[in-house]
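The values are calculated or read from the model by the stated rules, or taken from the named source; none is laboratory data. Since the structure is predicted, the reported quantities are computational estimates derived from the model, not experimental observations. Don't worry about glycine lacking a Cβ; one is built from the backbone with ideal geometry, like all the others, and counts go over all protein chains shown. Remember, those area values only see protein heavy atoms, side chains included, never the ligands or the DNA or RNA. Shrake-Rupley method; radii C 1.70, N 1.55, O 1.52, S 1.80 Å.
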Amino acid sequence: MLDIQKIRSDFPILSQKVNGKPLVYFDNGATSQKPQVVIDAIAKYYQEINANIHRGVHTLSQLATDAYELSRNKIQNHINAKHSHEVLFTSGTTFGINLVTNGFATLLQPGDEVLVSALEHHSNIVPWQMLCERTGATLRVIPMNEEGELIMSEYDELLSNKTKIVTVNHISNALGIINPIKYMIDKAHEVGAAVLIDGAQAVPHLKPDVQALNCDFYVFSGHKMCGPTGTGILYGKEEWLNKLPPYQGGGEMIKEVSFEKTTYAELPHKFEAGTPNIAGGIVLGTAIDFMNEVGFTNIQEQELELLAYGTEKLLEIEGLRIFGTSKDKTSVISFNIEGIHPYDIGTIIDKLGIAVRTGHHCAQPIMNFYGIPGTIRASFSFYNTKEEIDSLVAAVRKAQMMLS
Ligand SMILES: Cc1ncc(COP(=O)(O)O)c(C=O)c1O
């Protein structure tokens, strides 16, 4: 069992007051809070080893390069990638997806199909639409049901030898549903399609094993898992990364440059043009160490308890409906109250110190499916408590009274 009070003391922001009330931070799906070790590691990098990497013979440059590559190795171990050069540093999930869609522009042609799920964040929809517009390929959608689950029989029907790539999130940001990605990956491979998994909402809750999943690409952001903003990872299988062209041209991604012809560097550098977010990349490793010290079994236990408690208590409120009722869920509760706009509830409870997300959560197609403008989303992390859920429930009741 976790010592929650001790864990909370690692996160300085959690002892803050907001609008004169103790902060209750339930917007973890948008970004997680940062523990002191992460905050300290950023300062330590700039105080002690700041230098550009991969290019200097001087001591600081080597120290910074070693720390950056050590972090890459840590992340490789964390996600169980076969090679460290399959782990690319990016600025986040959005960048990783755009890198892949840009590369696929050289591989697709009219008649090819891209399958995207109905449960995606806009950043895993729009780049694929842009790719289809560029190549003449067709975007097809794997539909969802009322519980917020993807309909696997329809998925099976959609797959064909026209399918070139399937893209789906591991966990939905708007509803918290955990998708059956292993099944989906195996099925896609049967027709020769590649699979990209958007792990942005999964990595704060679990440790993905990319070899066991056998996915071709797995992308995530550091800032949702206790790491700094502007950091992320694109894992790609070596054979796929070799097949894709570079995304950006610039320093560091080349072998030789002349005005006649440029040759590209080996992986991972081929995809890492320019000076990267060095401090961020290093400190993402620190964040992953921190989460592993807390332990993903402990994290899941605590979060599932919060999910069960929160679901029970919120459902006691009259007129409250939860969206995403599948049993395969992580600690996200997306809900509405009959007759009240989610934004109004969010605004009132913010005055009571409670931070939730309201709106479409960058997943407008899901909101269209339910015929609603948006939801109130409370997303719990392992550092949240049942007492905080009690505060949320009391605040929502108060807002409901004021608004009806
Ligand atoms: C499922 C999912 N995919 C992609 C993203 C985009 O992540 P980022 O803005 O860090 O690039 C998010 C962010 O909320 C997300 O939840």
ask   = With every protein chain left in place, what is the accessible area per residue of the chain in square angstrom, probe 1.4 Å?
value = 42 Å²
ask   = Can you give the helix-only mean residue ellipticity at 222 nm for the chain, where every DSSP H stretch with n ≥ 4 adds -39500 (n - 2.57) and the sum goes over all residues, rounded to the nearest 500 deg cm²/dmol?
value = -12000 deg cm²/dmol
message = Test of understanding: in a Gaussian network model of the chain with alpha carbons linked when under 10 Å, which of Ile42, Ile389, Ile317 would top the mean-square fluctuation ranking?
response = Ile317
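Ratio of the chain's C-alpha Rg to 2.2 N^0.38 Å, to two decimals?
Working: Rg = 21.9 Å, N = 404, 2.2 N^0.38 = 21.5 Å.
After normalising by residue count via 2.2 N^0.38 Å, the value is 1.02.
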message = Starting from 0.36 nm per residue, how many nanometres of slack lie between Val257 and Ser153 once their C-alpha separation is accounted for?
response = 32.4 nm
inquiry  = Given contacts defined as C-alpha pairs under 8 Å and at least six residues apart, what's the relative contact order of region 287-371, whole-number percent?
reply    = 18 percent
task = For region 207-324, list log₁₀ I(q)/I(0) at each q in 0.15 Å⁻¹, using the Debye formula over Cα point scatterers of equal strength and ignoring solvent, two decimals each.
result = -0.89
note = Simple spin-label estimate for Ile372/Asn52, 7 Å along Cα→Cβ, in nm, reads 5.1 nm
ask   = What percent does the relative contact order of the chain come to when contacts are Cα pairs within less than 8 Å and at least six residues apart?
value = 22 percent
remark   = For Glu316 the rounded accessible area (nearest 10 Å², probe 1.4 Å, non-protein molecules ignored) is 100 Å²
query = Ignoring ligands and nucleic acids, what accessible area does Val195 show with a 1.4 Å probe (Å², nearest 10)?
reply = 0 Å²
task = Can you check how the C-alpha radius of gyration of region 98-202 compares to 2.2 N^0.38 Å, as a plain ratio?
result = 0.99
request  = Starting at the first residue of region 260-276, write each ³J(HN,Hα) from the Karplus equation 6.51 cos²θ - 1.76 cosθ + 1.60 with θ = phi - 60°, in whole Hz, x for Gly and Pro.
outcome  = 7, 7, 10, 10, 9, 6, 6, 5, x, 5, 3, 9, 10, 6, x, 6, x
ask   = Which FRET efficiency, nearest 0.05, do Tyr183 and Gln16 yield, Cβ-Cβ r, R0 56 Å?
value = 0.85
ask   = Cα axis of helix 126-135 to longest principal axis of the chain: angle in degrees, 0 to 90, nearest 10?
value = 40 degrees
message = Given a 1.4 angstrom probe, I'd like the percentage of the accessible area of region 150-260 that is carbon and sulfur, rounded to a whole number.
response = 49 percent
query = If you build a Gaussian network model of the chain, linking Cα atoms that sit under 10 Å apart, which residue out of Thr231, Thr275, Thr31 swings the most?
reply = Thr275
ask   = How far is it, in nm, from the label point at Glu387 to the one at Asn214 when both lie 7 Å from their Cα along the line to the Cβ?
value = 4.9 nm
query = Where both residues lie in the chain, what percent of DSSP beta bridges are antiparallel, nearest 5?
reply = 60 percent
note = Ranked by GNM mean-square fluctuation in the chain (Cα springs under 10 Å), the top entry among His223, His58, His341 is His58
request  = May I ask you to compute the full-extension gain from Ala43 to Met401, defined as 0.36 nm times their residue separation minus their alpha-carbon distance, rounded to one decimal in nm?
outcome  = 124.3 nm
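Calculated FRET efficiency, Leu63 and Val191, Cβ-Cβ r, R0 45 Å, to nearest 0.05?
Values: r = 48 Å, r/R0 = 1.06.
After rounding to 0.05, the efficiency reads 0.40.
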key: With DNA, RNA and ligands ignored, accessible area of Thr94 (1.4 Å probe; Å², nearest 10)   = 80 Å²
ask   = With each label point set 7 Å from Cα along the Cα-Cβ vector, what nm distance links Asp344 and Asn161?
value = 5.7 nm
